[in-house]
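Colleague: I'd like to ask you about the structure that follows.
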Amino acid sequence: MKEEIIIAGFGGQGVLSMGKILAYSGIMQGQEVTWMPSYGPEMRGGTANVTVILSDKKISSPIISKFDTAIILNQQSLDKFEDQVKPGGILIYDPNGITRHPKRTDITICSINAVDISAELGNSKAYNMVVLGGYLQKKSVVKMENVIKGLKKSLPERHHSLIPMNEKAIQEGMNQIKDINKA
Amino acid sequence: MAEHILMKGNEAIAISAIRNGCDGYFGYPITPQSEIMETLMVEKPWETTGMVVLQAESETSSINMLYGGASCGKKVMTSSSSPGLSLMCEGLSYLAGAELPCVVVNVVRGGPGLGTIQPGQGDYFQACKGGGHGDYKMIVLAPSSAQEMYDFVDLGFDLAFKYLSPALILADGVVGQMMEKVELRPMKDRMSNEEIAQKYPWATTGKTPDRKQNVITSLALDAAVHERLNDKLQAKYKQMEEEDVRFETYMCEDAEHVIVAYGCMARICESTIDQARAEGIKLGLLRPITLFPFPTKEIQRLTPQLKTIMSVELSAGQMIEDIRLAVNGQIPVNFFGRLGGIVPSPEEVYEAFKKEINK
């Protein structure tokens with residue numbers, strides 16, 4: 001098993017922490033992982049992306065140009081990364097604020113209204129966990145029990161009371177992700 | 001099972017310093033390595049192991065704090081990124097001249113000048129060919145994973161104290177910023193003052209009636225005395241070349257072509273090797289782990305079986321000079337590099353490799 005993922009969106013959406021939780025979940029499952037962020041003078045509202053690789057074997061390059069899965073949370077990232085999904089791969093995006101939708105027909109395209117879903121849950125900060133849930137529904141690369149362990153490792157102890165709420169957000173994301181195009 | 005923690009290379013450096021008995025860290029923040037001091041400040045090791053962590057007023061100051069700490073036989077370290085390292089070069093020369101051990105970390109960014117905060121490998125010459133003035137060298141370790149960032153702090157101290165010389169960890173923005181799982185090795189205690197006095201008779205631990213005072217200096221105005229000091233340094237560098245060359249090879253046994261790359265570029269080139277092998281091209285990878293001492297002998301051992309050798313660097317071509325010296329004109333030495341903080345993908349390296357061998 002080797003899964004190469006790009007998660008891209010605005011700074012402040014929780015792109016980097018979602019990648020970190022996914023990577024930690026991989027460690028809990030006994031996988032090799034790398035988490036490589038775009039770093040720079042970034043800020044809330046700027047663009048942010050992270051490449052996460054999960055693998056059963058040692059990972060060589062943490063820098064890649066083609067992805068099995070792209071999780072896209074804004075227009076700039078969609079424009080940039082749609083072409084970089086491997087044929088037969090998956091593109092998951094939040095249609096909120098998107099005017100030019102993905103066009104490719106050789107990949108599976110899914111949408112998740114994570115802004116609305118997290119608002120309905122009463123916690124817009126759980127946005128990224130809704131998206132993570134949607135992803136895990138499409139690709140069960142890590143078991144739910146390991147995601148919860150990953151959450152525990154990623155979050156400081158004082159935030160552990162929030163884990164049930166995050167779990168609920170992941171579950172809701174799993175329930176509400178929609179297929180737009182099947183590869 | 002040993003505990004595995006997901007952490008950035010920079011965080012691994014900080015945690016490793018605390019867990020390997022480091023006595024003091026002195027630094028000044030700069031991207032892309034600021035997490036090192038940030039992590040140390042969060043961990044507050046002065047409350048646990050007694051390690052001192054201090055933000056100096058500049059890089060010049062931090063390197064000279066190392067001179068003071070190292071003179072007392074303490075395990076001291078600093079970290080910075082390229083422009084900060086330039087400021088430290090005078091101090092490094094003094095540390096080398098006074099034969100003092102310390103660990104210095106450079107998480108390299110693109111230069112020259114303030115350059116960019118994105119990854120670079122343009123400080124190879126500075127690290128391996130001097131940087132500061134005079135005929136000195138340092139042990140230069142090039143980590144390519146978060147685990148090696150962790151492990152090379154301990155290794156760096158071991159080598160620094162073995163040779164009484166600064167050891168430099170030459171990392172890059174990718175290795176510093178990337179998170180990977182890191183296994184925490186068993187803790188090592190800090191040494192007590194008594195242990196230091198006994199183990200390092202050269203250190204300025206306070207004069208006792210049974211010995212003369214220890215003087216730490218790089219000054220020797222008498223030419224004959226100074227030549228003897230230089231001869232001693234050169235003998236040390238020779239010994240480093242004989243005893244402490246470290247490297248790793250991948251798919252080199254039957255290779256007809258070899259890529260030489262270190263740090264993040266070695267990781268990227270490993271994927272390039274896999275792509276070439278899938279197409280039946282016999283390409284291998286040599287990853288120098290010590291850049292000084294350089295794996296010259298391994299390159300010379302491989303040269304007879306090779307058609308070409310290629311240096312891949314995030315620079316305009318610096319390590320390639322050491323490869324050329326080793327190959328000594330026997331086979332073509334090709335080059336591929338990107339500048340300005342751009343990190344090429346494995347595919348881009350592969351295209352460049354194919355273009356060179358088909359010339």
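The values are calculated or read from the model by the stated rules, or taken from the named source; none is laboratory data. Here the structure is a predicted model, which is why all the values come from computation and not from measurement. Please note: Cβ atoms are built from the backbone with ideal geometry, for glycine as well, and neighbour counts cover all protein chains shown.
Colleague: Checking the conditions here, which among B:Ala146, B:Ala171 is in contact with an Asp or Glu (Cβ under 6 Å, 6 or more places away or on another chain), modelled with pLDDT of 95 or more and farther than 18 Å from B:Met240 by Cβ?
Modeller: None of the other options fit; the residue is B:Ala146.
Colleague: Yes or no: the stretch B:342-352 includes at least one residue that is farther than 17 Å from B:Glu270 by Cβ and either out of contact with any Cys (no Cβ under 8 Å at 6 or more places or on another chain) or within 14 Å of chain A (Cβ to nearest Cβ) (or both).
Modeller: yes
Colleague: Return yes when B:Leu339 is farther than 19 Å from B:Cys128 by Cα and under 22 Å from the mean Cα position of the chain (by Cα) and no when it is not.
Modeller: Judged against the criteria, B:Leu339 is a match.
Colleague: May I pose another question? Restricting to the stretch B:330-344, name every residue that is surrounded by fewer than 20 Cβ atoms within 10 Å (Cβ to Cβ) and in a loop (DSSP other than H, G, I, E, B).
Modeller: If the condition is that a residue be surrounded by fewer than 20 Cβ atoms within 10 Å (Cβ to Cβ) and in a loop (DSSP other than H, G, I, E, B), then B:Gln330, B:Ile331, B:Pro332, B:Leu339, B:Gly340, B:Gly341, B:Ile342 are the ones that fit.
Colleague: Quick one: which of A:Tyr39, A:Tyr24 is facing chain B (nearest Cβ under 9 Å), of a type outside the set (A, V, I, L, M) and surrounded by fewer than 22 Cβ atoms within 10 Å (Cβ to Cβ)?
Modeller: Exactly one residue qualifies, and that residue is A:Tyr39.
Colleague: Looking at B:Val140, B:Val174, which is the one that is outside the structural domain of B:Glu270 (by TED's automatic domain parsing) and more than 30 Å from B:Glu227 (Cβ to Cβ)?
Modeller: Testing whether each residue is outside the structural domain of B:Glu270 (by TED's automatic domain parsing) and more than 30 Å from B:Glu227 (Cβ to Cβ) leaves just B:Val174.
Colleague: Further, regarding this structure: Mind listing whichever residues of the stretch B:9-55 are buried (at least 24 other Cβ atoms within 10 Å of the Cβ) and within 14 Å of chain A (Cβ to nearest Cβ)?
Modeller: B:Gly9, B:Asn10, B:Glu11, B:Ala12, B:Pro32, B:Gln33
Colleague: Residues that are among the aliphatic types (A, V, I, L, M) and within 14 Å of chain A (Cβ to nearest Cβ): does the stretch B:195-218 have at least one?
Modeller: no
Colleague: Here's another thing I want to ask about it. It is to be established whether one or more residues within the stretch B:279-287 are under 18 Å from B:Phe152 (Cα atoms), touching a strand residue (DSSP E or B) at 6+ places or on another chain (Cβ under 7 Å) and either without any contact (Cβ under 8 Å) to a residue 60 or more places away in the chain or not assigned by TED's automatic domain parsing to the domain that holds B:Asn10 (or both).
Modeller: There is at least one residue in the stretch B:279-287 that is under 18 Å from B:Phe152 (Cα atoms), touching a strand residue (DSSP E or B) at 6+ places or on another chain (Cβ under 7 Å) and either without any contact (Cβ under 8 Å) to a residue 60 or more places away in the chain or not assigned by TED's automatic domain parsing to the domain that holds B:Asn10 (or both).
Colleague: So B:Ala326 fits all but one of (1) more than 14 Å from chain A (Cβ to nearest Cβ); (2) free of Cβ contacts under 8 Å to residues at least 40 places away in the same chain; (3) assigned to a helix (DSSP H, G or I); (4) surrounded by fewer than 17 Cβ atoms within 10 Å (Cβ to Cβ); what number is the exception?
Modeller: Answer for B:Ala326: the failing condition is (4).
Colleague: Here's a follow-up. From the list A:Pro87, A:Pro102, pick out the single residue that is under 30 Å from B:Ser271 (Cα atoms) and assigned to a loop (DSSP other than H, G, I, E, B).
Modeller: The conditions single out A:Pro102.
Colleague: For B:Val108, are the conditions met, namely being under 29 Å from B:Phe336 (Cα atoms), assigned by TED's automatic domain parsing to the domain that holds B:Asp158 and not in a helix (DSSP H, G or I)?
Modeller: So B:Val108 passes the test.
Colleague: Taking interchain pairs and intrachain pairs at least six residues apart, which have beta carbon atoms under 7 angstrom, with the first residue in the stretch B:258-273 and on the phi < 0 side of the Ramachandran plot and the second among the basic types (Lys, Arg)?
Modeller: What qualifies is B:Ala261/B:Arg287; B:Tyr262/B:Arg287; B:Ala266/B:Arg287.
Colleague: It is to be established whether one or more residues within the stretch B:130-138 are assigned to a loop (DSSP other than H, G, I, E, B), out of contact with any Phe, Trp or Tyr (no Cβ under 7 Å at 6 or more places or on another chain), charged (D, E, K, R) and modelled with pLDDT of 95 or more.
Modeller: Checking the stretch B:130-138: at least one residue is assigned to a loop (DSSP other than H, G, I, E, B), out of contact with any Phe, Trp or Tyr (no Cβ under 7 Å at 6 or more places or on another chain), charged (D, E, K, R) and modelled with pLDDT of 95 or more.
Residue by residue, here is whether (1) farther than 25 Å from B:Val105 by Cα; (2) modelled with pLDDT of 95 or more holds:
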| residue | (1), (2) |
| --- | --- |
| B:Gly176 | no, yes |
| B:Val182 | no, yes |
| B:Met187 | no, yes |
| B:Lys199 | yes, yes |
| B:Lys207 | yes, no |
| B:Arg211 | yes, no |
| B:Ile216 | no, yes |
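Yes/no matrix, rows are residues, columns are (1) touching a residue at least 40 places away in the same chain (Cβ under 8 Å); (2) buried (at least 23 other Cβ atoms within 10 Å of the Cβ):
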position: B:Ser58; (1), (2): no, no
position: B:Val76; (1), (2): yes, yes
position: B:Pro83; (1), (2): yes, no
position: B:Gly91; (1), (2): yes, yes
position: B:Leu100; (1), (2): yes, yes
position: B:Pro112; (1), (2): no, no
position: B:Gly115; (1), (2): yes, no
position: B:Phe125; (1), (2): yes, no
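Colleague: Let me ask you something else. Looking at B:Val153, B:Val174 in this structure, which one is in contact (Cβ under 8 Å) with a residue 12 or more places away in the chain, within 14 Å of chain A (Cβ to nearest Cβ), crowded, with 24+ Cβ neighbours inside 10 Å and of a type in the set (A, V, I, L, M)?
Modeller: Among B:Val153, B:Val174, only B:Val174 is in contact (Cβ under 8 Å) with a residue 12 or more places away in the chain, within 14 Å of chain A (Cβ to nearest Cβ), crowded, with 24+ Cβ neighbours inside 10 Å and of a type in the set (A, V, I, L, M).
Colleague: List the helices (runs of 4 or more DSSP H) inside the stretch B:2-76, counting only whole elements, that have at least 2 residues being hydroxyl-bearing (Ser, Thr, Tyr) and either modelled with pLDDT of 95 or more or not assigned by TED's automatic domain parsing to the domain that holds B:Asp189 (or both).
Modeller: Where helices (runs of 4 or more DSSP H) fall fully within the stretch B:2-76 and carry at least 2 residues being hydroxyl-bearing (Ser, Thr, Tyr) and either modelled with pLDDT of 95 or more or not assigned by TED's automatic domain parsing to the domain that holds B:Asp189 (or both), they are B:34-43, B:59-71.
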